[in-house]
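Enquirer: What follows is a single structure, and I will ask about it in a moment.
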Amino acid sequence: MKQLAVYLFFAISFFAKSQSFDIVPLGIYGGEKEDNLSSYLVSVAGKNNFLCLDAGTINSGIQKAIENKTFATNEATVLKDYIKAYFVSHGHLDHVSGLVINSPADSKKNIYAIPFVKNILLQKYFSNDVWANFSDEGANAIGKYHINAIESQKNFNIPETDFEAQLFELSHTETHLSSAILIQHQSDYLLYLGDTGADRVEQSNKLENLWKNIAPLIKNKSLKAIFIEVSFPNAQKENLLFGHLTPKLLNEELSKLTNFVGKENLKGLNIVITHRKPTGKNPEIIAEELRNDNPFQVNLVFPEQGKKLSF
């Protein structure tokens, strides 16, 4: 009996250690469905201290999570108390509309963004023209949100979340910068990318720079998951991608990643597919194309709104 108890203790300890992050998708799509747009809560496993990764949908996603028994509380508690801060990858509506619309009901928080995105939030949204200024800067500032402009690849702490992080610039068309966030808790990491085009199509090296930086984490198995968009099926012409990926282009980028980590180190890596455009059967086609052409044998994950993921 004593041996069994010891075994169970170590088994439970190992499992708890292996699950570093809890993620609750509040929204998974890249347009059209205003009640299900890009937004993911991430916390240290077992805690309710969440960083919100983009904020296209907030309230409807919280409602869905409560329906799915992911949260055993009410919407106001999740919004005001569980969500400790926001990361906004870029300024497009399907990534910020939930934050803006729910700001009157929210509590005081930090927002983290690259300087390009901070300017959009202040000049376009919290401008007193399209919405009241819920930031703590500028005219008629209400003071609810402090928008932190974080330079690319600078390390910073996110209070109340137990996270450290870095941001990386991404190319989402020639005129619009997007960004990724690399989240760290102790020796474990999670990577979330906002919208991005492939380097070849964007004539950029921003993804290559990101791959170089995360390569050591993949090699030593400390990167738990990559959240990356695949917006369109392969049939979408490259001149009509508008800074997005297809299954083929994701594989093109993963192939570049293997140059830094080796193909063997991508096998089994959790790749969470975000931002599928919901037009027609696009989500199903994208999932099928990814499953049918998975040369690096990554573990493909297709999130569902309100259903918790753990890595």
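The values are calculated or read from the model by the stated rules, or taken from the named source; none is laboratory data. Here the structure is a predicted model, which is why all the values come from computation and not from measurement. Here Cβ is always computed from backbone atoms with ideal geometry, including for glycine, and neighbour counts include all displayed protein chains.
Enquirer: Looking at this structure, is D129 on the phi < 0 side of the Ramachandran plot, of a type in the set (D, E, K, R) and touching a Phe, Trp or Tyr at 6+ places or on another chain (Cβ under 9 Å)? Reasoning before the result, please.
Expert: Working: on the phi < 0 side of the Ramachandran plot: yes; of a type in the set (D, E, K, R): yes; touching a Phe, Trp or Tyr at 6+ places or on another chain (Cβ under 9 Å): no.
It is false that D129 is on the phi < 0 side of the Ramachandran plot, of a type in the set (D, E, K, R) and touching a Phe, Trp or Tyr at 6+ places or on another chain (Cβ under 9 Å).
Enquirer: Which residues, taken from the range 139-161, are in contact with a Ser or Thr (Cβ under 8 Å, 6 or more places away or on another chain) and over 30 Å from L240 (Cβ atoms)?
Expert: Passing the criteria: A141, I142, G143, K144, Y145, H146, I147, T161.
Enquirer: Are there any pairs, at least 6 apart or on different chains, whose C-beta atoms fall under 8 Å, with the first in the range 262-284 and at negative phi and assigned to a loop (DSSP other than H, G, I, E, B) and the second modelled with pLDDT of 95 or more and surrounded by fewer than 16 Cβ atoms within 10 Å (Cβ to Cβ), and if so, which?
Expert: L266/Q297; K267/Q297; L269/N299
Enquirer: Tell me yes or no: at least one residue of the range 210-218 is closer than 15 Å to L250 by Cβ, surrounded by fewer than 17 Cβ atoms within 10 Å (Cβ to Cβ) and at pLDDT 95 or above. So that I can check it myself, show each step before the final result.
Expert: Of all residues in the range 210-218, those closer than 15 Å to L250 by Cβ come to 210-211.
With the extra rule that they be surrounded by fewer than 17 Cβ atoms within 10 Å (Cβ to Cβ), the set shrinks to none.
Scanning the range 210-218, I find no residue that is closer than 15 Å to L250 by Cβ, surrounded by fewer than 17 Cβ atoms within 10 Å (Cβ to Cβ) and at pLDDT 95 or above, so the answer is no.
Enquirer: Right, another one. Quick check: is even one residue across the range 234-256 under 26 Å from S20 (Cα atoms), touching a residue at least 12 places away in the same chain (Cβ under 8 Å) and in contact with a Lys or Arg (Cβ under 8 Å, 6 or more places away or on another chain)?
Expert: No, there is no match, as no residue in the range 234-256 is under 26 Å from S20 (Cα atoms), touching a residue at least 12 places away in the same chain (Cβ under 8 Å) and in contact with a Lys or Arg (Cβ under 8 Å, 6 or more places away or on another chain).
Enquirer: Also: Just need a number here: residues in the range 108-150 that are of a type in the set (A, V, I, L, M, F, W, C) and either in contact with a Pro (Cβ under 6 Å, 6 or more places away or on another chain) or part of a loop (DSSP other than H, G, I, E, B) (or both).
Expert: The total comes to 11.
Enquirer: Also, I was wondering about something else. Being in contact with a Leu (Cβ under 6 Å, 6 or more places away or on another chain), more than 21 Å from D22 (Cβ to Cβ) and either aromatic (F, W, Y) or at pLDDT below 95 (or both): is that true of F116 here?
Expert: Working: in contact with a Leu (Cβ under 6 Å, 6 or more places away or on another chain): yes; more than 21 Å from D22 (Cβ to Cβ): yes; either aromatic (F, W, Y) or at pLDDT below 95 (or both): yes.
It is true that F116 is in contact with a Leu (Cβ under 6 Å, 6 or more places away or on another chain), more than 21 Å from D22 (Cβ to Cβ) and either aromatic (F, W, Y) or at pLDDT below 95 (or both).
Enquirer: Could I ask something else about it? Whether any residue in the range 230-251 is among the acidic types (D, E) and buried (at least 18 other Cβ atoms within 10 Å of the Cβ) is what I want to check.
Expert: no
Enquirer: For the range 193-203, state whether one or more residues are among the charged types (D, E, K, R), part of a strand (DSSP E or B), in contact with a helix residue (DSSP H, G or I) (Cβ under 9 Å, 6 or more places away or on another chain) and buried (at least 21 other Cβ atoms within 10 Å of the Cβ).
Expert: No: the range 193-203 contains no residue that is among the charged types (D, E, K, R), part of a strand (DSSP E or B), in contact with a helix residue (DSSP H, G or I) (Cβ under 9 Å, 6 or more places away or on another chain) and buried (at least 21 other Cβ atoms within 10 Å of the Cβ).
Enquirer: Could you give every pair whose Cβ atoms fall below 6 Å, whose first residue belongs to the range 299-311 and is within 9 Å of V272 (Cβ to Cβ), and whose second residue is of a type in the set (D, E, K, R), counting only separations of at least 6 or pairs across chains?
Expert: Going by the 6 Å Cβ cut-off, the qualifying pairs are F311/K224.
Enquirer: Could you grab me the full set of residues in the range 99-114 that are crowded, with 16+ Cβ neighbours inside 10 Å and of a type outside the set (V, I, T)?
Expert: L99, N102, S103, D106, K109, N110, Y112, A113
Enquirer: Within the range 241-260, track down each residue that is part of a helix (DSSP H, G or I) and more than 12 Å from F296 (Cα to Cα).
Expert: Initial filter on the range 241-260 (part of a helix (DSSP H, G or I)): 247-260.
Of everything in the range 241-260, those that are part of a helix (DSSP H, G or I) and more than 12 Å from F296 (Cα to Cα) turn out to be P247, K248, L249, N259, F260.
Enquirer: Another question, then. I'd like to check something: does the range 80-98 contain any residue that is of a type in the set (S, T, N, Q), at pLDDT 95 or above and out of contact with any Gly (no Cβ under 7 Å at 6 or more places or on another chain)? It would help to see each step written out before you state the result.
Expert: Kept after step one, since they are of a type in the set (S, T, N, Q), are these residues of the range 80-98: 89, 97.
Filter again for at pLDDT 95 or above, leaving 89, 97.
Now drop any that are not out of contact with any Gly (no Cβ under 7 Å at 6 or more places or on another chain), which leaves none.
Checked the range 80-98: no residue is of a type in the set (S, T, N, Q), at pLDDT 95 or above and out of contact with any Gly (no Cβ under 7 Å at 6 or more places or on another chain).
Enquirer: Let me ask you something else. Are there any pairs, at least 6 apart or on different chains, whose C-beta atoms fall under 7 Å, with the first in the range 205-226 and farther than 21 Å from I273 by Cα and among the hydroxyl-bearing types (S, T, Y) and the second surrounded by fewer than 15 Cβ atoms within 10 Å (Cβ to Cβ) and at pLDDT 95 or above, and if so, which?
Expert: Pairs that qualify, where the first residue is farther than 21 Å from I273 by Cα and among the hydroxyl-bearing types (S, T, Y) and the partner is surrounded by fewer than 15 Cβ atoms within 10 Å (Cβ to Cβ) and at pLDDT 95 or above: there are none.
Enquirer: Can I ask one more? Out of the residues in the range 59-98 that are surrounded by 22 or more Cβ atoms within 10 Å (Cβ to Cβ), touching a Cys at 6+ places or on another chain (Cβ under 8 Å) and of a type in the set (A, V, I, L, M, F, W, C), which is farthest from S152 (Cα to Cα)?
Expert: Ranking the candidates gives I83 first.
Enquirer: Would you point out the residue of the range 117-163, among those that are among the aromatic types (F, W, Y) and farther than 13 Å from S103 by Cα, that is surrounded by the fewest Cβ atoms within 10 Å (Cβ to Cβ)?
Expert: Here the residue is F156.
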